[in-house]
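Asks: Next up is a structure, given as structure tokens.
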Amino acid sequence: MTKPQAPAPRQRSAQRYALYAFAILFAFIFLFPFLFMLSSSLKTNDQIFADLESFRAFMPVGELTLENYAGVFGAGNVSRYMVNSILITVLTVTLGLLVNSLAAFSLSRLEWRGKKTILSILVILLIIPLEAIAVPMMLLVANLPSIGVDGGSLT
């Protein structure tokens with residue numbers, strides 16, 4: 001029985017270049033919306049619509065201004081929203097890490113009655129797609145009492 005021949009060095013090099021070209025192409029495809037969003041945030045509305053028919057829409061050219069950012073931060077209470085988002089994120093990640101690491105330790109290292117049943121239930125729950133439970137979860141959370149940040153304190 002003969003071993004399959006490895007591709008010649010030139011062929012591997014060509015394959016590698018083709019793979020890099022393909023990866024760079026996809027990187028550009030995924031970066032274009034981000035570039036458009038960033039450059040549009042620095043332009044006036046008239047300039048955005050004037051540049052839509054050309055490649056200039058993706059470039060930060062013309063009259064650039066930070067008025068859009070000033071309008072957002074001036075119109076709404078963005079600092080409050082950011083503090084609220086950071087607080088909820090930090091609490092969620094911290095509590096999630098604490099509870100999940102303790103559960104993982106218990107399920108992997110300790111021996112107790114019902115361990116296999118609980119592990120089986122967890123694996124079965126992982127099979128259920130998020131899309132199937134997103135609406136019921138949203139309805140459940142919508143009926144919970146509100147928690148918010150007013151002046152830096154939880155209310």
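Asks: Which residue fluctuates most in the GNM of the chain (Cα springs below 10 Å): Leu107, Leu126, Leu87?
Replies: Leu126
Asks: Report the calculated FRET efficiency for Ile24 and Leu126 (r = Cβ-Cβ distance, R0 = 35 Å), to the nearest 0.05. Can you show the working numbers first?
Replies: Numbers: r = 35 Å, r/R0 = 1.01.
Efficiency, from the Cβ-Cβ distance: 0.50.
Asks: Right, here's the next one. Round to a whole number: what % of the accessible area of the chain belongs to carbon and sulfur, probe 1.4 Å? Walk me through the numbers before you get to the answer.
Replies: Working: 9600 of 13450 Å².
Roughly 71 percent, rounded to a whole number.
Asks: How much length, in nm to one decimal, is gained on full extension between Leu98 and Glu67, taken as 0.36 nm per residue of separation minus their Cα-Cα distance?
Replies: Numbers: separation 31, 0.36 × 31 = 11.16 nm, distance 4.28 nm.
So the extension gain works out to 6.9 nm.
Asks: If you place +1 on the Cβ of every Lys and Arg, -1 on the Cβ of every Asp and Glu, and leave all else neutral, what size is the dipole of the chain about its Cα centre, to the nearest 20 Debye? Show your work: numbers first, answer last.
Replies: Details: 11 positive and 8 negative charges, 253 e Å.
Roughly 1220 debye for the chain.
Asks: Among Glu131, Glu67, Glu53, whose mean-square fluctuation peaks in a Gaussian network model of the chain (Cα, cutoff 10 Å)?
Replies: Glu131
The values are calculated or read from the model by the stated rules, or taken from the named source; none is laboratory data. Being a predicted model, the structure only gives us computed values, none of them experimental. Neighbour counts are summed over all protein chains in view; Cβ atoms, including those assigned to glycine, are modelled from backbone coordinates with ideal geometry. To get the accessible areas, we keep the full protein, side chains included, count just its heavy atoms, and leave off ligands, DNA and RNA. Shrake-Rupley method; radii C 1.70, N 1.55, O 1.52, S 1.80 Å.
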